[in-house]
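Scroll down for the structure; my scribbles are underneath it.
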Amino acid sequence: MPKKKAKQSDLQIAGVNIRRIRELHKISCAQLAFEIETTEKQLSRIENGEINSGIMSYIKIARALNINLLDLFSKLKF
């Protein structure tokens, strides 16, 4: 019997959305990390849903991508 695909956590969904928007804006991970004053490793961990970052990180990401904060979480169900 094939394994079921594990359901993504909210952190993973948000991270995938951040990466998708960043790539649509043609911004590298290094560039976005620099703009939000963090490391590439930390941003990568956010995009991979490995860490629950503080709200200020998400605000900085939204500002750097020139989008509404809610757009980062648009795929989440509340």
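Scanning the stretch 45-54 for residues that are without any contact (Cβ under 8 Å) to a residue 40 or more places away in the chain and loosely packed, with under 15 Cβ neighbours inside 10 Å gives Asn48, Glu50, Gly54. Looking across the stretch 33-58, the residues that are of a type in the set (A, V, I, L, M, F, W, C), under 11 Å from the mean Cα position of the chain (by Cα) and assigned to a helix (DSSP H, G or I) come down to Leu43, Ile46.
Looking only at residues in the stretch 8-32 that are assigned to a helix (DSSP H, G or I), in contact with a helix residue (DSSP H, G or I) (Cβ under 7 Å, 6 or more places away or on another chain) and not charged (D, E, K, R), which one is farthest from Asp71 (Cα to Cα)?
Step one: of the stretch 8-32, the residues assigned to a helix (DSSP H, G or I) are 10-24, 29-32.
If we keep only those that are in contact with a helix residue (DSSP H, G or I) (Cβ under 7 Å, 6 or more places away or on another chain) as well, we get 14-15, 17-19, 21-22, 29-30, 32.
Subset that is not charged (D, E, K, R): 14-15, 17-18, 21, 29-30, 32.
Numbers: Ala14: 9, Gly15: 12, Asn17: 8, Ile18: 9, Ile21: 9, Cys29: 18, Ala30: 21, Leu32: 16 Å.
Within the stretch 8-32, the match that is farthest from Asp71 (Cα to Cα) is Ala30.
Number of residues in the stretch 63-72 that are under 14 Å from Val16 (Cα atoms) and crowded, with 17+ Cβ neighbours inside 10 Å equals 1.
For residues in the stretch 18-40 being of a type in the set (A, V, I, L, M) and touching a residue at least 12 places away in the same chain (Cβ under 8 Å), which is surrounded by the fewest Cβ atoms within 10 Å (Cβ to Cβ)?
Within the stretch 18-40, the subset of a type in the set (A, V, I, L, M) is 18, 21, 24, 27, 30, 32-33, 36.
Next cut, touching a residue at least 12 places away in the same chain (Cβ under 8 Å) only: 18, 21, 27, 32, 36.
Details: Ile18: 24, Ile21: 19, Ile27: 15, Leu32: 23, Ile36: 20.
So, considering only residues that are of a type in the set (A, V, I, L, M) and touching a residue at least 12 places away in the same chain (Cβ under 8 Å), the one surrounded by the fewest Cβ atoms within 10 Å (Cβ to Cβ) is Ile27.
For the stretch 61-75, the set of residues classified as more than 11 Å from the chain's Cα centre (by Cα) and not aliphatic (A, V, I, L, M) consists of Arg63, Asn66, Asn68, Ser74, Lys75, listed by residue number.
Every number in this text was worked out from the coordinates using simple rules, so none of it is lab data. It should be emphasised that the depicted structure is a prediction, and the values quoted were computed from it without experimental measurement. Cβ: placed from backbone, ideal geometry, glycine included. Neighbour counts: every protein chain shown.
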